[in-house]
Amino acid sequence: MNLYLLMTAIFILMAALMAADAALASFTLAPWFSGLRWLRVHFITLGAITETLFGLLPVIVAIRAGRPRPAFRWDIWLTLNIGLLTLLIGIPIVNQVLIFVGGTLVFIATMLLIVQLRGLPAQKPAGVAEGNSTHYGRKFYIAGLSYFLLGIIVGTGLWLGWSEWLRIQTPVEVHIHANNWGFLSLIFAGLLVDLYPTWAGRPLAWPRSITPIFWMLTIGALGLVLGPWVKSNYFSVPGIILFLGATFWLLLNVIKPLWGDRETWSQPGLWHLVIAYFWILAPVLVAPLIILGVPGFPGAGIEQNAPQALIYGWVLQFGYAFIPYFFYRLFLPHEPARLGGSWFSLLMVNLGGFFLWASIFITDYQAMLHGTAYLFWTLSLIPIVLTVWRIVRAGLARLDDGVVSLEMK
Ligand code: HEM
């Protein structure tokens with residue numbers, strides 16, 4: 001039983017409740033709704049997405065290498081989840097000891113996962129056909145998780161005074177960049193590399209572009225982490241250029257083979273995957289206007305609020321497509337696995353993004369637009385929560401009847 005996915009289902013439910021809380025807090029409908037910002041973002045990133053990745057990366061790497069599925073690692077699951085629970089208690093009350101213990105446990109769990117992935121063979125045994133390891137996602141996962149380690153150190157240290165002796169100029173930005181341009185960008189790219197042939201039924205457009213994309217994303221992320229660390233655009237600008245180039249190249253790899261294939265484009269999940277990238281590109285595309293300090297341009301408003309559109313518009317939306325897909329493959333292995341999402345979730349999650357950005361520019365209606373953004377995001381989560389729980393219930397029912405063995409094929 002993949003306990004990570006059960007935790008994922010719980011965190012998705014919590015994310016929906018927190019988005020509703022944020023909407024009600026913005027509408028000031030009920031004073032005791034507080035819209036706890038840290039929980040709002042981290043139920044998605046550290047909760048739903050991280051649990052899914054920890055549960056599935058070893059399985060995906062083993063399957064891609066034609067190896068048996070690795071045994072469930074209780075040590076990794078326990079350190080990750082005790083760490084998460086400790087942070088969920090320690091951060092809202094700003095208890096430094098709990099923050100330190102929680103961050104350290106999540107750090108240890110990530111180290112153990114990296115060691116496990118490195119221990120798994122990167123390529124099929126001799127004599128098994130289909131390409132070579134350069135096409136596999138494992139290196140993306142290991143590089144991404146290494147950036148996560150940095151994100152954990154900076155995040156844990158944000159309220160423990162570590163940023164001073166680490167000489168970090170803008171620590172929250174370094175934390176966000178390490179976790180988003182580094183950790184999740186690389187891992188999402190690795191998932192596209194590993195799973196595209198399965199759910200799209202054809203290879204990526206240019207298989208030889210995968211290694212250059214890997215290095216452009218990895219070095220681009222480094223520039224985007226060092227830039228705010230030492231407050232120098234000599235790192236941020238080349239970082240942005242490499243990151244943008246790699247992301248467009250990756251998206252073209254995904255879109256070109258499907259161009260004109262109306263049937264595949266009739267899947268809302270595919271639109272979730274592609275449109276999600278608009279929300280990681282939006283802050284990058286406006287960054288030059290902030291760097292150049294264009295008068296009247298709400299640079300501070302963007303830095304304050306854009307992370308939310310990034311997490312809901314890009315991270316969560318990418319999750320809308322992949323998380324149900326993994327639940328199908330694991331809980332209902334005898335049914336055809338399809339990307340998650342619906343036309344309703346697609347419309348709602350992107351309307352949420354537009355309203356959040358509008359709240360940055362139309363400040364007279366800031367609270368109303370901000371609340372409406374969260375209302376759309378809450379609505380977009382409902383079909384995903386219902387799908388995931390329906391799959392879990394059906395899968396567990398078959399488990400009871402001994403029909404399925406919950407093994408990912
Ligand atoms: C052990 C892991 C982590 C810890 C201890 C941590 C801690 C923190 C802290 C203390 C803040 C500052 C909150 C504030 O000043 O308001 C923060 C903000 C943030 N973190 Fe994390 N974090 C972790 C993991 C992650 C991950 C995995 C991601 C994304 C992939 C992430 C994304 C963010 C974002 C986007 C913000 C800015 C939130 C906002 O401004 O609305 N964090 N984190």
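The values are calculated or read from the model by the stated rules, or taken from the named source; none is laboratory data. The shown structure was predicted, so the numbers you read here are calculated from the model rather than taken from an experiment. Because the Cβ atoms are built from the backbone with ideal geometry, glycine has one as well, and the counts that use them run over all protein chains shown. For accessibility, only protein heavy atoms count, side chains too; no ligands or nucleic acids. Shrake-Rupley method; radii C 1.70, N 1.55, O 1.52, S 1.80 Å.
Among the residues making up the stretch 327-351, those that are free of Cβ contacts under 8 Å to residues at least 40 places away in the same chain and open to solvent by 40 Å² or more (accessible area, probe 1.4 Å) are GLU335, PRO336, PHE344, LEU347, LEU351. Being out of contact with any Ser or Thr (no Cβ under 8 Å at 6 or more places or on another chain) and without any contact (Cβ under 8 Å) to a residue 40 or more places away in the chain is a property that GLY269 lacks. Can you tell me which residues in the stretch 36-57 are open to solvent by less than 10 Å² (accessible area, probe 1.4 Å) and either small (Gly, Ala, Ser) or more than 20 Å from TYR320 (Cα to Cα) (or both)? Passing the criteria: GLY47, ALA48, GLY55.
For every residue, the table says whether it meets (1) open to solvent by 30 Å² or more (accessible area, probe 1.4 Å); (2) near the ligand (Cβ under 9 Å from one of its atoms).
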position: TYR147; (1), (2): no, no
position: LEU150; (1), (2): yes, no
position: THR156; (1), (2): no, yes
position: LEU166; (1), (2): yes, no
position: ASN179; (1), (2): no, yes
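No other residue among ARG202, ARG208 is surrounded by fewer than 23 Cβ atoms within 10 Å (Cβ to Cβ) and in contact with a Pro (Cβ under 8 Å, 6 or more places away or on another chain) apart from ARG202. Among the residues of the stretch 69-106, just one is open to solvent by less than 60 Å² (accessible area, probe 1.4 Å) and among the aromatic types (Phe, Trp, Tyr), namely TRP77. With the structure loaded, tell me whether ARG118 is among the charged types (D, E, K, R), assigned to a loop (DSSP other than H, G, I, E, B) and at pLDDT below 95 or whether it fails that test. So ARG118 does not fit the description; no.
With (1) within 27 Å of ARG393 (Cβ to Cβ); (2) near the ligand (Cβ under 10 Å from one of its atoms) as the list, and PHE100 as the residue in question, which single condition is left unmet? Just one mismatch for PHE100, condition (1).
Out of curiosity, is LEU191 free of Cβ contacts under 8 Å to residues at least 24 places away in the same chain and hydrophobic (A, V, I, L, M, F, W, C)? No; evaluated as a whole, the condition is false for this residue. Could you list all residues from the stretch 321-361 that are modelled with pLDDT under 90 and over 30 Å from VAL392 (Cβ atoms)? Matches in the stretch 321-361: ILE360, PHE361.
In this structure, TYR277 qualifies as within 16 Å of the ligand (Cβ to nearest atom) and of a type outside the set (Lys, Arg). When restricted to residues that are in contact (Cβ under 8 Å) with a residue 12 or more places away in the chain and more than 14 Å from the ligand (Cβ to nearest atom), the stretch 289-302 contains 3.
With respect to ASN305, determine if the residue is within 15 Å of the ligand (Cβ to nearest atom) and either in a helix (DSSP H, G or I) or loosely packed, with under 15 Cβ neighbours inside 10 Å (or both). Yes; evaluated as a whole, the condition is true for this residue.
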